[in-house]
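Asker: Shown below is the structure under consideration.
The values are calculated or read from the model by the stated rules, or taken from the named source; none is laboratory data. Computed from a predicted structure; not experimentally measured. Cβ coordinates were reconstructed from backbone atoms using ideal geometry, including for glycine residues, and neighbour counts include every protein chain displayed. Quick note on the areas: whole protein, heavy atoms, side chains included, nothing else; ligands and nucleic acids left out. Shrake-Rupley method; radii C 1.70, N 1.55, O 1.52, S 1.80 Å.
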Amino acid sequence: MDITAKLAILADAAKYDASCASSGTDKRTSAGSKGGPARGLGSTEGAGICHSYAPDGRCISLLKILLTNACAFDCLYCVNRATSNTPRARFTVEEAVTLTLDFYRRNYIEGLFLSSGVIRNADYTMEQVMRVAKSLRLDHGFKGYIHLKTIPDAAPELIAEAGLYADRLSINVELPNETSLKRLAPEKDLRAVRRTMADLRGRIEEAKEPTAAGRARPPRFAPAGQSTQMIVGADASDDRAILTTSANLYGSYRLKRVYFSAFSPIPDASAALPLAAPPLVREHRLYQADWLMRFYGFNVAEITEGGGMLDLSIDPKLAWALRHREQFPLDVARASREQLLRTPGLGKTVVDRILSARRFRMLRVEDLRRMRAPLAKALPFLKLADHTPSITTLESERLIERFVPQPRQMALAL
């Protein structure tokens with residue numbers, strides 16, 4: 001099988017893994033520095049990267065491949081499971097390195113996202129994955145971004161070496177609870193996943209500790225941190241369970257991101273799996289809720305107090321505000337930053353602009369318009385110098401109708 005055919009199979013097999021962002025790492029360029037390392041290839045900060053987009057709108061700026069889609073595990077939700085009737089392929093280490101360099105030189109990508117099915121055993125697979133990153137860094141001076149998917153049961157020393165060459169390491173928890181994982185992926189051990197996460201957290205934090213005078217700086221280790229992914233809709237877990245697991249992972253292991261991937265039905269699927277995929281908007285609402293927890297001071301109980309499943313028709317911040325109308329309207333001249341951040345439509349940038357501008361004058365609707373605040377969503381909850389929302393409107397049960405898109409009759413394609 002030639003390398004083009006392998007690429008078609010192994011790039012398609014990698015599309016189900018959503019955890020491939022390329023942010024948060026050290027800045028590196030190929031120029032080198034005076035007295036520093038020699039010139040290399042690539043950069044993690046340059047412009048001009050050509051991005052492609054998947055059919056669902058996701059931006060793909062990394063060469064995203066599996067080293068192989070052959071796998072010893074038989075996870076029921078995975079198209080690459082051992083018993084799946086799917087074409088198999090495998091890159092050699094040298095082929096994966098060559099592909100990455102060729103794509104980078106053509107300005108198609110900003111780096112590499114590399115995962116793999118488990119072949120032979122965890123140690124052998126992890127060694128092969130690590131060798132790709134090692135060769136790129138040491139043999140070719142590659143300065144671009146590298147994200148490696150780690151194998152939970154692999155020897156700690158192999159994962160430790162991988163962190164020396166990768167910008168980010170990730171390991172997927174796959175499902176929000178151990179019961180579902182045992183039922184759908186019996187070979188996977190959630191405790192092993194968490195042990196690996198704990199080990200990675202320790203190594204990442206150690207590499208970032210300030211060094212005392214005269215002491216050698218610890219080696220660079222996965223400066224963009226670690227991430228994970230959960231599949232949404234493959235089991236009966238509700239959104240509250242998923243977000244609770246996410247909050248625990250952030251708190252216990254200092255993860256950079258928890259990614260959510262809507263379950264996609266696969267050929268010859270087990271009867272234990274649902275027949276249909278969950279609506280993609282559910283994945284979107286989980287990302288919005290995750291954002292509220294990480295940057296807006298919300299907790300799981302507040303986000304899910306309306307029930308175990310998030311409202312698909314409106315975003316979770318708006319849903320919270322509609323449940324707590326007694327806290328509105330907020331006086332923009334006096335409200336705290338925390339209160340403003342909980343107002344529908346106001347993001348961190350707009351709130352910072354409000355706090356800066358209100359020191360000098362009373363703010364009006366036109367001021368918020370210039371700050372690019374979404375007035376249709378925000379004004380029912382805010383009091384300004386020239387605007388006071390109607391209490392009757394704010395308390396009306398029909399207020400939600402302002403924010404829910406009206407159904408449209410689909411046109412016939414003639």
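Asker: Which percent of the accessible area of the chain is formed by carbon and sulfur heavy atoms (probe 1.4 angstrom)?
Answerer: Taking all protein chains in place, the chain shows 53 percent carbon and sulfur surface.
Asker: Still on this model: When the helix-only estimate is applied to the chain (DSSP H runs of n ≥ 4, each -39,500 (n - 2.57), divided by the residue count), what is the mean residue ellipticity at 222 nm, nearest 500 deg cm²/dmol?
Answerer: One gets -10500 deg cm²/dmol as the mean residue ellipticity at 222 nm.
Asker: Additional query: If we sort 133-139, 231-237 on the protection proxy, mean other Cβ atoms within 10 Å, highest first, what's the order?
Answerer: Going by the mean number of other Cβ atoms within 10 Å, highest first, we get 231-237, 133-139.
Asker: Counting only heavy atoms of protein chains, what accessible area per residue, in Å², does the chain have with a probe of 1.4 Å?
Answerer: 50
Asker: Apply the Karplus curve 6.51 cos²θ - 1.76 cosθ + 1.60, θ = phi - 60°, to the phi angles in the range 61-76 and return the couplings in whole Hz, x for Gly and Pro.
Answerer: 10, 10, 6, 10, 9, 9, 5, 7, 9, 6, 8, 7, 7, 10, 5, 4
Asker: Apply the Karplus parameterisation 6.51 cos²θ - 1.76 cosθ + 1.60, with θ equal to phi minus 60°, to every residue of the range 223-228 and state each ³J(HN,Hα) to the nearest whole Hz, in sequence, with x for glycine and proline.
Answerer: After applying 6.51 cos²θ - 1.76 cosθ + 1.60, I find x, 8, x, 10, 9, 8 Hz.
Asker: State whether the range 316-402 is rounded, prolate or oblate according to the following rule on the C-alpha gyration tensor (a ≥ b ≥ c being the square roots of its eigenvalues): a/c under 1.5 gives rounded; otherwise a/b larger than b/c gives prolate, and the remaining case gives oblate.
Answerer: Prolate shape, in that a/c is at least 1.5 and a/b is the bigger ratio.
Asker: Next question, about the same structure. Which angle between 0 and 90 degrees, to the nearest 10, do you get for helix 122-134 versus the longest principal axis of the chain when only C-alpha atoms count?
Answerer: 80
Asker: I've got another one for you. Give the angle, between 0 and 90 degrees and rounded to the nearest 10, that separates the Cα long axis of helix 280-295 from the longest principal axis of the Cα atoms of the chain.
Answerer: Its long axis makes an angle of about 80 degrees.
Asker: Hey, another quick one. Please calculate the 1.4 Å probe accessible area of K6, with all protein chains present, and give it to the nearest 10 Å².
Answerer: 30
Asker: What do you get for the angle between helix 3-13 and the principal long axis of the chain? Use alpha-carbon atoms, 0 to 90 degrees, nearest ten.
Answerer: 40
Asker: Also, quick follow-up: Would you pull out the residues with amide H under 5 Å of L363's amide H, same chain only if 5 or more places away, H placed 1.01 Å from N?
Answerer: Those qualifying (amide H under 5 Å, at least 5 residues apart or on another chain) are A385.
Asker: Please tell me the relative contact order of the chain in percent, rounded to the nearest whole number, where contacts are Cα pairs under 8 Å and at least six residues apart.
Answerer: Relative contact order here is 12 percent.
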